[in-house]
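Following: one structure in structure tokens, then a few remarks.
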Amino acid sequence: MKALSFTGVDKKEVLDKKKPEVEKSTDAVVKLVKSTICGTDLHIMAGHVPEVPDGLTIGHEGIGIVEEVGSGVANFKVGDKVLISCITSCGKCHYCKKGLYAHCEDGGWILGHLIDGTQAEYVRIPHADNSLHHVPKGMNDDSLVMLSDIFPTGLEIGVLSGQVEPGCTVAIVGAGPIGMAALLTAQFYSPGKIIMVDLDDNRLEMSKQFGATDTVNSKNPEDAVKQILDLTDGLGVDVAMEAVGYPKTFDLCQEIISPGGRIAVIGVHGESVDFHLETLWIKNINVSTGLVSTYTTPMLLKTVEAGKLVPNELVTHHFHFDDILEAYKTFENAADNKALKLIIDFE
Ligand SMILES: NC(=O)c1ccc[n+]([C@@H]2O[C@H](COP(=O)([O-])OP(=O)(O)OC[C@H]3O[C@@H](n4cnc5c(N)ncnc54)[C@H](O)[C@@H]3O)[C@@H](O)[C@H]2O)c1
Ligand SMILES: [Zn+2]
Ligand SMILES: [Zn+2]
């Protein structure tokens, strides 16, 4: 089979590999129907995730058809259409029992990170019973792919950790796929204002279609802080979500947070930040951060089924798997290509 593989820093190749097989009784093998590329995959390619071994198949999102199951798999059978979670979980260990699947003692984020992932014709899924989801009939395939990672991440690490509540003011720094997923799921809780902040005017414009009440370009951070304070009668925001992953975007969140507010850090940070405890302590601020557990996926499936959420709105491009290298080029130059989320089709 063909598999998009990391072959060293700034290098990727489509390699011919042996089709995966069931190795443990709890495994399933899935034939991919659709996959996608995540911002995190670009971090891997750039060498920011050094634990990824050379030759590994990348990708932690997708849908497919079950090709083979181990004798210990009870919930899925050959031929079932499934949604693959970006998080693998046994459902039995200390952390799984707490719903903290991100920290499963025999899983967590391993797909396309420590074991071969979903940008390939077939993928082996450990602990299939807990790491796959049945797909409701008639649901849009592109929408389903958005539920592998970006929607649970925006909801769990942004909206729920940030405790968005009716009438509150929210700022989301970063209008990439994750920021947009946070924008769409924040609206489950009826905030009064959602201010999107980015450097890319095209993405800011798109965010208005998805429910942003205001947009701010943060090219000049001081000016951005002033604009956000003006938009909130000088109070600052109740919830600031950081969905980029750089010190300066965390700084911005610290500048705009209102007393009693919550800063929810979603971005993957590669370097340390200045945490201004000297000004924040007296403001009664909570700061949260974390890796997605995907415990909200069943709930998100229900909201999509009910038409309350339309995740495929975030899809801007389609590529056949044969053209995955071109898809990477488009995604790497997202601003020039007006790209948000792109789908890799295998059929
Ligand atoms: N915590 C988790 O479990 C988890 C899961 C998935 C992804 N992530 C992380 O979430 C972050 C966002 O992911 P994405 O796929 O949306 O990434 P992305 O790169 O597509 O989007 C980031 C956005 O930030 C904007 N940006 C860059 N610098 C900025 C600045 N100084 N000020 C304002 N905006 C700026 C970019 O224009 C872009 O629109 C990444 O760090 C990713 O690794 C975290
Ligand atoms: Zn991802
Ligand atoms: Zn576990």
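Answer rounded, prolate or oblate for segment 151-289, using the Cα gyration tensor with square roots of eigenvalues a ≥ b ≥ c: rounded when a/c is under 1.5, else prolate when a/b is larger than b/c, else oblate.
rounded
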For I324 the rounded accessible area (nearest 10 Å², probe 1.4 Å, non-protein molecules ignored) is 0 Å²
With segment 89-201 reduced to its Cα atoms and the Debye formula applied, log10 I(q)/I(0) at q = 0.11, 0.17, 0.18 1/Å amounts to -0.48, -1.00, -1.06
Of D323, D274, D201, the most mobile residue in a GNM of the chain (C-alpha springs, cutoff 10 Å) is D274
The long-range amide H neighbours of A171, using H built 1.01 Å from N in the peptide plane and a cut-off of under 5 Å, are I195, V239, A240, M241
Residue-normalised value, i.e. accessible area per residue, for the chain at 1.4 Å probe, in Å², stands at 43 Å²
Karplus ³J(HN,Hα) for segment 298-307 (6.51 cos²θ - 1.76 cosθ + 1.60, θ = phi - 60°; Hz, whole; x = Gly/Pro) runs x, 5, 5, 4, 5, 5, 5, 4, 7, x
Karplus ³J(HN,Hα) for segment 244-260 (6.51 cos²θ - 1.76 cosθ + 1.60, θ = phi - 60°; Hz, whole; x = Gly/Pro) runs 10, x, 10, x, 5, 7, 5, 4, 4, 4, 5, 6, 9, 7, 7, x, x
Quick note, segment 184-239: a/c under 1.5 would make it rounded; otherwise a/b > b/c is prolate and the rest oblate (a ≥ b ≥ c, C-alpha gyration tensor); here it is oblate
Inter-part gap, Cα centre of segment 210-249 to Cα centre of segment 271-347, in whole angstrom, is 19 Å
Counting as exposed only trypsin sites (Lys or Arg not before Pro) in DSSP loop states with no more than 15 other Cβ atoms inside 10 Å, the longest exposed-site-free span of the chain is 220-307
Sorting V216, V315 on solvent-accessible surface, 1.4 Å probe, most exposed first, gives V315, V216
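Using a 1.4 Å probe on the protein chains only, how many percent of the accessible area of the chain belongs to carbon and sulfur? Don't skip to the answer; put the middle values down first.
On the way: 7510 of 14980 Å².
Carbon with sulfur: 50 percent of the solvent-accessible area.
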Other residues with Cβ under 12 Å from the Cβ of H318 give, with Lys and Arg +1 and Asp and Glu -1, a net charge of -4
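The values are calculated or read from the model by the stated rules, or taken from the named source; none is laboratory data. Source: prediction; values computed, not measured. Neighbour counts are summed over all protein chains in view; Cβ atoms, including those assigned to glycine, are modelled from backbone coordinates with ideal geometry. Side chains included, ligands, DNA and RNA excluded: accessible areas come from the protein's heavy atoms. Shrake-Rupley method; radii C 1.70, N 1.55, O 1.52, S 1.80 Å.
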